[in-house]
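What follows is one structure encoded as structure tokens, with my remarks underneath.
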Amino acid sequence: MAFSPLVDELVESLRCLPGVGQKTAQRMAFHLLERGREGGERLAGALEQAMSGVRRCDSCQNFADTELCPICQDVSRRNGTLCIVESPSDLLALEQAGDYQGGYFVLMGHLSPIDGIGPEEIGVERLLRRVQDENVTEIILATNPTVEGDATAHYIADRLADRPVLVTRLAHGIPVGGELGYVDGFTLGHAFRGRKPLAD
């Protein structure tokens, strides 16, 4: 054993992060121990507080440290629209775009029967109750353009079929500035199916 058990444990703990292998974890650990002790202590404190204090918002299931997240607390955003996303990172991406000013519902995943993830695990019943209780008029399905994301969107749309709510799906297609020759067939197919008239 080249290092002490404490160093080995630090390296192994860092490997729980996505994309962090043995070598990267070693570099991180050595940096913290050699030059970043103050930052390491701050990181340890932040991790401890987050792991014990962060929960799911009672309304939208996003990360929060109170019963309701800041978006759900903002009454101006209760405008009848609800955007359904798979993860908090998807919500963050939409917020950073700055165009959407309604509410959200975070599924914390997608339907995946093979992995034992069904409607109950992603909170579909909670979503349906919220649609009814808040008089939601439009649901925007912003699940990812994957097989699982599409299946999840179709399932939610089917569950909402008998309710007086408009169900829309985020358009998927060719990115701005992209060239057709470099776009994959799956994306091109979505672009064709999502085509709309050219505005005057």
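Only a single criterion out of (1) hydrophobic (A, V, I, L, M, F, W, C); (2) in the same structural domain as residue 124 (by TED's automatic domain parsing); (3) without any contact (Cβ under 8 Å) to a residue 40 or more places away in the chain is not satisfied by residue 94, namely (3).
Which ones in the range 136-161 are within 16 Å of the chain's Cα centre (by Cα) and not in a helix (DSSP H, G or I)? Working first, answer last.
The first filter runs over the range 136-161 and keeps only residues within 16 Å of the chain's Cα centre (by Cα), leaving 140-146, 148-150, 152-153.
Listed by number, the residues that qualify are 140, 141, 142, 143, 144, 145, 146.
From the list 10, 17, the lone residue that is out of contact with any Gly (no Cβ under 8 Å at 6 or more places or on another chain) and loosely packed, with under 14 Cβ neighbours inside 10 Å is 17.
Of the helices (runs of 4 or more DSSP H) lying entirely inside the range 47-135, those containing at least 3 residues that are surrounded by 16 or more Cβ atoms within 10 Å (Cβ to Cβ) and either touching a Lys or Arg at 6+ places or on another chain (Cβ under 9 Å) or at negative phi (or both) span 88-97, 124-133.
There is at least one residue in the range 136-159 that is free of Cβ contacts under 8 Å to residues at least 24 places away in the same chain and under 18 Å from residue 188 (Cα atoms). Pairs are defined by a Cβ separation below 7 Å, a sequence spacing of at least 6 or placement on different chains, a first member in the range 32-57 that is touching a residue at least 12 places away in the same chain (Cβ under 8 Å), and a second member that is among the aliphatic types (A, V, I, L, M); the pairs so defined are 56/64; 57/64; 57/68. Cβ-Cβ under 9 Å, sequence separation 6+ or interchain: first residue in the range 1-29 and basic (Lys, Arg), partner not in a loop (DSSP other than H, G, I, E, B). Which pairs? Hits for this filter: 15/22; 15/24; 15/25.
Does any residue of the range 37-44 turn out to be assigned by TED's automatic domain parsing to the domain that holds residue 138, surrounded by 12 or more Cβ atoms within 10 Å (Cβ to Cβ), more than 23 Å from residue 125 (Cα to Cα) and not aromatic (Phe, Trp, Tyr)? There is no residue in the range 37-44 that is assigned by TED's automatic domain parsing to the domain that holds residue 138, surrounded by 12 or more Cβ atoms within 10 Å (Cβ to Cβ), more than 23 Å from residue 125 (Cα to Cα) and not aromatic (Phe, Trp, Tyr).
The values are calculated or read from the model by the stated rules, or taken from the named source; none is laboratory data. No experiment lies behind these values; they were computed from the predicted model shown. As a convention, Cβ positions derive from the backbone with ideal geometry for all residues, glycine included, and neighbour counts pool all protein chains shown.
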